[in-house]
Amino acid sequence: MEFQNNKDVKFKNDVYLLEKAEKNKPKLNYQEVAPINLVEIQADEAGFQGFRVTNSKQQLSKLATYHLGKKDSLVFDFGTHYVGRFSIDLNSVGSPMDAPLFLHLKFGEVAADIGVDSKSYDGWISSSWIQEEYIHIDELPYHLELPRRYSMRYVQIEVLDSSPKWKLVVNNPKITAESAVKMEDVVPIKTGDKLLDKIDQVSLRTLHDCMQEVFEDGPKRDRRLWLGDLRLQALTNYQTFKNKALVKRCLYLFAGMTTADGLVAANVFTKPRNIPDDTFMFDYSLFFISVLYDYLMVEDDKVLLADLYPVAKRQLELAKKMLTDDNVVALDDKWITFVDWSENLDKHAAAQAIMIYTAKQFKQLAEMKKNSEDVINTEKLINSLTKAALDNYYDAKEQLFVSGPMNQVNIASQAWMVLAHVLPDDKAKMVMKKALEKLFPVKGVGTPYMYHHIVAALFEVGLKEEAIVEMKNYWGKMVEYGADTFFEAFDPQRPNFSPYGSPIINSYCHAWSCTPTYFIRKYLV
Ligand code: RAM
């Protein structure tokens, strides 16, 4: 995938909708956290991405006694993942400070973030996402409070230079962590299975750390509101933190900043002010309908429905322009369909299924709105889309869906067709059974986002045990690797997989990976 540059697209700002977004802006909670340990990050082939964390010979309780000269460094371990600001007291010992202090600080969500030399990065997205700072300090003592927010468990402080005449002493390292919600607001569950309980906790921490002034996709990167991520975060939030105002805010943000033609952007920025990104995705625009629909399933809110119904309707109207005469979704490079980061994935069938899935939700919105014309028209659309899906993509002999000109049989198509209910329940169950036989263990799936839909489809057809096994295999593998929060990209067969050309740019606390707690709380307890 590449960056989209649509700088000529005209957007409109709806003041009424954006004011509502502002009204639902949360007040963040702050928590001061001290490190629990001093550690060393060592290269080790057996460790996740080639690194392992060991206890340092130095002790935190003796911090003030360590004198750091040129090339000396310390790594603080805060015990788990936090999002917040870092501060530390710096002082000198020895002769008068005859030269400035030159410091390098690095912030890591995982050990490799610290261990890998940032200069080795040459991926296709900006290296400026790598969380590190180079700072000169002219006078000590100094209370260093870094202005930027980081997403981290580990903080490395390295003296690039002092002077042979004096050394650095550090004290009081601290993170002031921030989130829109509090971990203690969610009651821990006991499933009777230790791994599932742990997966649940890691999921909660992931969602907690991504819930800021919007539902961020990843607090390390991209630090913004993406529609596809929001959909899964909102669903998980209803089962856990139950902060509905934040979902409402995000819906109003997307609705308040569409293109002049009414298309919802794939993501929006909220700093330094509200700005829609000039990036559009076929599936993400349609998911505006889903987020609105899911919200209304947990909260009866007539005003929200009245405000946002036209925006939801417009997404479906615009999607219809992508249909061939035979009602098949034609993929378009200018309005890409995301589905997953896996390479070589044919997305035709999944795109068709996503349109059916969201059209069905829109029909229910139209029913809530008592708009019989929209109900009838959407019903017709669903029927023609479904017929096209079955005519073009269902291989009745194999009982599996194929996708695209090469009839690719991939897991994304099966999962989305099942979620869109294009087949009767018994046949849909058969699709997942066949998929388990032929496509598992799945290969080449790049993200927990895609994995979510695979597990969701297994639960949907009643293959509960199989769904649990997949969840434990996939998210459990991240736990085994020591995850405090779940990752943006993860392929168990390729632990170094990155959609961007290097794992050090990946986010290791990523919104769309938080859903096991949703599954566990919805289906298991
Ligand atoms: C990446 C982010 C984000 C996702 C998009 C499609 O930039 O990981 O979460 O929604 O891709």
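The values are calculated or read from the model by the stated rules, or taken from the named source; none is laboratory data. Owing to the predicted nature of the structure, the values given are computational and were not obtained by experimental measurement. Here Cβ is always computed from backbone atoms with ideal geometry, including for glycine, and neighbour counts include all displayed protein chains.
Observations on the structure shown:
- Check on PRO499, at pLDDT below 95, crowded, with 18+ Cβ neighbours inside 10 Å, on the phi < 0 side of the Ramachandran plot and in contact with a helix residue (DSSP H, G or I) (Cβ under 6 Å, 6 or more places away or on another chain): no
- Residue that is nearest to the ligand (Cβ to nearest atom), among those in region 509-525 that are assigned to a loop (DSSP other than H, G, I, E, B) and out of contact with any Phe, Trp or Tyr (no Cβ under 7 Å at 6 or more places or on another chain): CYS509
- Selection over region 103-137 of residues that are out of contact with any Leu (no Cβ under 8 Å at 6 or more places or on another chain) and in contact (Cβ under 8 Å) with a residue 24 or more places away in the chain gives a count of 22.
- Of the candidates THR378, THR324, THR358, the single residue that is over 26 Å from PHE490 (Cα atoms), without any contact (Cβ under 8 Å) to a residue 12 or more places away in the chain and either outside the structural domain of THR279 (by TED's automatic domain parsing) or among the hydroxyl-bearing types (Ser, Thr, Tyr) (or both) is THR324.
- Counting only residues that are in contact with a Leu (Cβ under 8 Å, 6 or more places away or on another chain), more than 25 Å from LEU235 (Cβ to Cβ) and of a type in the set (Asp, Glu), region 405-461 holds 0 of them.
- So ASP325, is it surrounded by fewer than 19 Cβ atoms within 10 Å (Cβ to Cβ), more than 16 Å from the ligand (Cβ to nearest atom) and either under 15 Å from ALA266 (Cβ atoms) or among the β-branched types (Val, Ile, Thr) (or both): no
- Among the conditions (1) away from the ligand (no atom under 16 Å from the Cβ); (2) part of a helix (DSSP H, G or I), the only one that LEU423 does not satisfy is (2).
- Subset of region 497-508 [in a loop (DSSP other than H, G, I, E, B) and either touching a Cys at 6+ places or on another chain (Cβ under 6 Å) or within 20 Å of LYS106 (Cα to Cα) (or both)]: SER502, ASN506, SER507, TYR508
- Check on VAL268, hydrophobic (A, V, I, L, M, F, W, C), more than 19 Å from LYS313 (Cβ to Cβ) and free of Cβ contacts under 8 Å to residues at least 60 places away in the same chain: yes
- THR337 meets each of the listed conditions (1) touching an Asp or Glu at 6+ places or on another chain (Cβ under 8 Å); (2) more than 16 Å from the ligand (Cβ to nearest atom) apart from (2).
- Residues that are under 24 Å from ALA489 (Cβ atoms), of a type in the set (A, V, I, L, M, F, W, C) and out of contact with any helix residue (DSSP H, G or I) (no Cβ under 9 Å at 6 or more places or on another chain), drawn from region 31-84: ALA46, PHE78
- Test: residue in region 333-353 that is of a type outside the set (Phe, Trp, Tyr), within 30 Å of GLN239 (Cα to Cα), in contact with a Cys (Cβ under 9 Å, 6 or more places away or on another chain) and assigned to a helix (DSSP H, G or I): no
- The set of residues from region 364-407 being under 28 Å from the mean Cα position of the chain (by Cα) and buried (at least 21 other Cβ atoms within 10 Å of the Cβ) comprises LEU365, PHE401, SER403.
- Conditions (1) outside any helix (DSSP H, G or I); (2) out of contact with any His (no Cβ under 6 Å at 6 or more places or on another chain); number of the one not met by GLU488: (2)
- Scope region 23-48; condition exposed (fewer than 13 other Cβ atoms within 10 Å of the Cβ), within 15 Å of VAL116 (Cβ to Cβ) and modelled with pLDDT under 95; matching residues: GLU45
For (1) within 16 Å of the ligand (Cβ to nearest atom); (2) surrounded by 19 or more Cβ atoms within 10 Å (Cβ to Cβ); (3) β-branched (Val, Ile, Thr); (4) closer than 22 Å to THR80 by Cα, each residue gets a yes or a no:
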site	(1), (2), (3), (4)
LYS434	no, no, no, no
TYR451	yes, yes, no, no
GLU465	no, no, no, no
TYR474	no, yes, no, yes
GLN493	no, no, no, no
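- Members of region 5-19 found to be acidic (Asp, Glu) and loosely packed, with under 15 Cβ neighbours inside 10 Å, listed by number: ASP8, GLU19
- With a requirement of 3 or more residues that are touching a residue at least 60 places away in the same chain (Cβ under 8 Å), away from the ligand (no atom under 16 Å from the Cβ) and within 26 Å of the chain's Cα centre (by Cα), the strands (runs of 3 or more DSSP E) lying completely within region 1-61 that satisfy it span 29-33.
- Restricting region 275-285 to residues that are away from the ligand (no atom under 13 Å from the Cβ) and not β-branched (Val, Ile, Thr) leaves a set whose member that is surrounded by the fewest Cβ atoms within 10 Å (Cβ to Cβ) is ASP278.
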